[in-house]
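Presented below is the structure to which this report refers.
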Protein chains: 2
Amino acid sequence: MTERDEFFMNEAIKLAKRAADEDEVPVGAVIVRDDKIIASAYNSREKDKNPLFHAEIKAIDDACRALGGWRLVGCTLYVTLEPCPMCAGAIINSRIERVVYGAYDNKAGSFGTMIDLTQYPLFKPQITGGVLKNECSAILTEFFKKKR
Amino acid sequence: MTERDEFFMNEAIKLAKRAADEDEVPVGAVIVRDDKIIASAYNSREKDKNPLFHAEIKAIDDACRALGGWRLVGCTLYVTLEPCPMCAGAIINSRIERVVYGAYDNKAGSFGTMIDLTQYPLFKPQITGGVLKNECSAILTEFFKKKR
C-alpha cells in the first residue's frame, strides 16, 4: 500500500458515498492510467434496474470508451469492495493490470476471499486487498444498519 | 436435454453464426421465459471495442429492459459455449434460474469445467451442459481454423 493507492481509494470512497446517498449498496470504483483517473463509477443496480451495473462494470465500460479499445493495458482499478465473480471476471477479460480493493467480501469476494480467480489459467492481474479497509467497510456497515 | 432445449439452443447457434460472419468469436445466447425468447445476442467484443460484450452479458442487459427489473426470475439462458467467470457471475447476479450451454470450455468454463461457481454460497442456477455440443463446438473450431 502506497500513498498513491490511498489517494485513489479515497476517490473511490467518495463515489461509494454517492451510491449510499442514492440508496444503492455503496461501492465505488475508479480506473487509473498514468496517474490519471480515466473512469469513475458507483453501483446503480436499483436505479438502473440492471444486475450488471456494479461499480467495476460501469467503470470498465467507460474506460473502454475513453481509450477506444477493449484491452485496458496499463490500467489500475481501485474499488471499495472486493470484486464479485462477475466483476473479477470482467477485470480479467479487460486485461486490467492491477486491482486495489478496500473491504474484503466473505460472501462473494473473488480475488482471495470466497475464491481466488487469479489461481486459474486466465489473465492474472496483480491484486492488493485491504487498502483503507476500515473506511470502506464502515460505509457498507452503516448502509445496511439503516436498512434494517 | 429435451426437444425444447434443442430448439432454443438452435436459436443460439444461429446467433453464433452471425457473430462468425462479423469476424467475432462465435458465441450466441437467448433468454427464454414462458417458452418465449425475450432477449437474443451474440458476442461483439471486437466491433464494440468492449470486453463486456459477450453474448450472455448483452442478453442479460436486454432481458432486464424487456422485463423492467434486475431479477430475471423464471428465465432460462441458452448459450452455445460454457460461460466464463464474468458471464457466470452475471447470470448468478441476475437470478436466472436455469442455464443450458452447448460446448464445454476447458480454458474458462465456470459452470463445471475450469471451475464451478455453483459450488459457492451464491445464488445457484440449475445447469445443463453439453446440449448440441458437437454443433456448438464445430462453429468455434471452424472459426479459429480460418484465423490461423
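The values are calculated or read from the model by the stated rules, or taken from the named source; none is laboratory data. Everything quoted here is computed from the prediction, not taken from an experiment. All Cβ positions, even for glycine, are placed from backbone atoms using ideal geometry, and neighbour counts span all protein chains on display.
For residues that are part of a helix (DSSP H, G or I) and not hydrophobic (A, V, I, L, M, F, W, C), scanning just region A:130-139, find the one that is nearest to the other protein chains (Cβ to nearest Cβ).
Among those residues, the one meeting the criterion is A:Ser137.
Does region A:25-59 hold any residues that are touching a strand residue (DSSP E or B) at 6+ places or on another chain (Cβ under 7 Å), within 25 Å of B:Ile91 (Cβ to Cβ) and of a type in the set (A, V, I, L, M), and which are they?
Residues of region A:25-59 touching a strand residue (DSSP E or B) at 6+ places or on another chain (Cβ under 7 Å): A:27-33, A:37-42, A:55-56, A:58-59.
Then drop every residue that is not within 25 Å of B:Ile91 (Cβ to Cβ), which leaves A:27-29, A:31, A:39, A:41-42, A:55-56, A:58-59.
If the condition is that a residue be touching a strand residue (DSSP E or B) at 6+ places or on another chain (Cβ under 7 Å), within 25 Å of B:Ile91 (Cβ to Cβ) and of a type in the set (A, V, I, L, M), then A:Val27, A:Ala29, A:Ile31, A:Ala39, A:Ala41, A:Ala55, A:Ala59 are the ones that fit.
Considering region B:65-96 alone, what residues qualify as being touching a residue at least 40 places away in the same chain (Cβ under 8 Å), among the β-branched types (Val, Ile, Thr) and surrounded by fewer than 24 Cβ atoms within 10 Å (Cβ to Cβ)?
B:Thr76
Of all the residues that make up region B:77-86, how many are more than 8 Å from chain A (Cβ to nearest Cβ) and more than 10 Å from the chain's Cα centre (by Cα)? Outline the logic, then answer.
So in region B:77-86, the residues more than 8 Å from chain A (Cβ to nearest Cβ) come out as B:77-83.
If we keep only those that are more than 10 Å from the chain's Cα centre (by Cα) too, we end up with none.
So the answer is 0.
Kindly indicate the residue of region B:30-64 that is more than 11 Å from chain A (Cβ to nearest Cβ) and of a type in the set (S, T, N, Q) and also surrounded by the fewest Cβ atoms within 10 Å (Cβ to Cβ) among those meeting that condition.
Restricting to residues being more than 11 Å from chain A (Cβ to nearest Cβ) and of a type in the set (S, T, N, Q), the top hit is B:Ser40.
Select from region B:100-129 the residues that are within 14 Å of chain A (Cβ to nearest Cβ) and part of a strand (DSSP E or B) and write down the one among them that is nearest to the chain's Cα centre (by Cα). First the steps, then the outcome.
Here is the first cut: in region B:100-129, the residues within 14 Å of chain A (Cβ to nearest Cβ) are B:105-125.
If we keep only those that are part of a strand (DSSP E or B) as well, we get B:111, B:116.
Values: B:Phe111: 11, B:Asp116: 16 Å.
My answer is B:Phe111.
Filter region B:33-85 down to the residues that are at positive phi and touching a helix residue (DSSP H, G or I) at 6+ places or on another chain (Cβ under 7 Å) and list them by number.
Pass one, region B:33-85, residues at positive phi: B:34-35, B:49, B:68, B:74.
Selection gives B:Lys49 alone.
Where in region A:1-89 are there strands (runs of 3 or more DSSP E), lying fully within it, with 1 or more residues that are among the basic types (Lys, Arg)?
Counting at least 1 such residues, we get A:28-33, A:36-42.
With the condition kept exactly as written, say whether any residue in region A:14-25 is at pLDDT 95 or above, more than 14 Å from B:Asn50 (Cβ to Cβ) and within 14 Å of chain B (Cβ to nearest Cβ).
Yes: one or more hits.
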